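What follows is a structure written as structure tokens; I'll ask about it next.
The values are calculated or read from the model by the stated rules, or taken from the named source; none is laboratory data. Computed from a predicted structure; not experimentally measured. Note that each Cβ is placed from the backbone with ideal geometry, even for glycine, and that neighbours are counted across all protein chains shown. Calculation scope for accessible area: heavy atoms of the full protein, side chains included, ligands and nucleic acids excluded. Shrake-Rupley method; radii C 1.70, N 1.55, O 1.52, S 1.80 Å.
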Amino acid sequence: MKIIVTKDYQAMSRCAADLVQACVEKEPQSLVSFPGGDTPIGMLEEFVSRVNQGVIDPTGLKFVQLDDWVGIGPQDDGSCSHFVSTRLLAPMNRPFADRFLFDGSRRDTIDQQLEEQDAFIRRYGPIAVEVLGIGMNGHLGFNENGVDFSLRSHRTPLSDVTKSVQKKYFGGQDLPLTEGITQGIAQIMESELVILLANGARKAEIVSKAITGPVTNEVPASILQKHPNCVYLLDQEAASLLPKDLPGLEIR
Ligand code: GLP
């Protein structure tokens, strides 16, 4: 595992875009996956700007969404599909070759959508670059505490921590969301490159647990210790509880 510590959020976001760019230049027809949440906003802005300036060519790439809330869809502000559509797909001046997005509002087709996501990843995969955020409880996507590491695309009850954090995505409103849909740890671990982004002091404790603690499904992100090509890309605040002499740690 490589750990890159950057001075701030902007530097982290630029570095993430650099890593993604290098990867898609090497594999211009490949499958990529970016998360929702607040963490990747800067990276997505960089990515879109490089696409629109002709620096990154998306036209051979395929995109698969990471996760979403059951009960809300692309039309709803705060859903991950809305986030991906408005922050990535719509502002790009050239589209991806193909893409998969969930519609969490279509409760009757959730199981079918999960099968479709898995089929999409099998068809175009493995994922060449999987960018992830980390939840306050160490979740990856909606792989919550106690998750079975062998699962592929699946639905899951949301943990209490996730339920308490979720209102930040909905203008402070408490929505009755109790379930998530997500790529599974098996698909994440099969990705050729995983980049986990974390910024801010509030992530320091869980980042430290995930990197230096035991590998356990109680901290799902700890499984990345076993990934052969994983980069933890942090700002100084998120890295503040890590020992400075940790093997693989690089300060930029
Ligand atoms: C959310 C999403 C994840 C995201 C994580 C961190 O609940 N399910 O995909 O990576 O939690 O979110 P944020 O970047 O807003 O801290």
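Running a GNM on the chain with Cα contacts under 10 Å, which residue among Leu175, Leu61, Leu101 ends up with the highest mean-square fluctuation?
Judging by the Gaussian network model, the answer is Leu175.
Moving on to the next point. Whenever you get a sec, compute what percent of the accessible area on the range 66-223 sits on carbon and sulfur atoms (1.4 Å probe).
49
What is the extension gain from Thr212 to Asp76, computed as 0.36 nm multiplied by their sequence separation minus the C-alpha to C-alpha distance, in nm to one decimal?
Between Thr212 and Asp76, full extension yields 45.2 nm more.
Leaving out same-chain residues fewer than 8 places away, which lysines sit with a Cα under 22 Å from that of Lys26?
Lys2, Lys62
Here's another thing I want to ask about it. So, in the range 114-252, how many Lys pairs have Cα atoms under 28 Å apart, if the pair is 8 or more places apart or on different chains?
11
Once the piece of chain linking Leu89 and Asp108 is laid out straight, how much longer is it, given 0.36 nm per residue of separation minus the C-alpha distance between them?
So the extension gain works out to 4.3 nm.
For the residue pair Ala22 and Glu205, what label-to-label distance in nm results when each label sits 7 Å from Cα along the Cα-to-beta-carbon direction?
3.4
Placing +1 at every Lys and Arg Cβ and -1 at every Asp and Glu Cβ, with all other atoms neutral, what dipole size does the chain have around its Cα centre, in debye to the nearest 20?
380
Also: At a 10 angstrom cut-off on C-beta neighbours, averaged per residue, how do the peptides 160-173, 212-225 rank from highest to lowest?
212-225, 160-173
In addition: Give me the distance in nm between label points sitting 7 Å out from Cα along the Cα-to-Cβ direction at Ile251 and Glu115, one decimal.
The answer from the label model is 5.3 nm.
In addition: Per residue, how large is the accessible surface of the chain? Use a 1.4 angstrom probe and give square angstrom.
42
Amide H of Thr216: which non-local residues (sequence gap of 5 or more, or other chain) have their own amide H closer than 5 Å, using H built in the peptide plane?
Residues meeting the amide H criterion: Ser222, Ile223.
Under a GNM of the chain (C-alpha, springs under 10 Å), which listed residue has the highest mean-square fluctuation: Met43, Met136, Met189?
Looking only at Met43, Met136, Met189, the biggest GNM fluctuation is shown by Met136.
Please list, ordered by chain and number, the residues whose modelled amide H lies under 5 Å from the amide H of Gly200; skip anything fewer than 5 residues away on the same chain.
Asp235, Glu237, Ala238
Across the chain, what fraction of all alpha-carbon pairs, as a whole percent, falls in each successive 5 Å bin from zero upward?
1, 7, 14, 19, 21, 18, 13, 6, 1, 0, 0
Name the long-range amide H neighbours of Leu61: under 5 Å, sequence gap of 5 or more, or other chain; modelled H, no Pro or chain starts.
Ala97
Would the range 114-252 count as rounded, prolate or oblate if I go by the C-alpha gyration tensor, calling it rounded below 1.5 in a/c and otherwise prolate when a/b exceeds b/c, oblate otherwise?
Here the range 114-252 falls in the oblate category.
Apply the a/c threshold of 1.5 to the C-alpha gyration tensor of the range 1-122 and tell me whether it is rounded, prolate or oblate.
It comes out prolate by the Cα gyration axes.
Calculated FRET efficiency, Ser240 and Val55, Cβ-Cβ r, R0 45 Å, to nearest 0.05?
After rounding, the FRET efficiency stands at 0.85.
If you don't mind, there's one more thing I want to ask. If contacts are Cα pairs under 8 angstrom and at least 6 residues apart, what is the relative contact order of the range 51-111 in percent?
Over the range 51-111, the number comes to 45 percent.
Turning to a different aspect of this structure: Within the range 121-150, whose backbone N sits under 20 Å from a point 7 Å along Cα→Cβ of Lys163?
Counting only backbone N, you get 135-148.
With each pseudo-label sitting 7 Å past Cα toward Cβ, what's the Gln173-Arg155 distance in nm, one decimal?
Result: 2.2 nm between the two label points.
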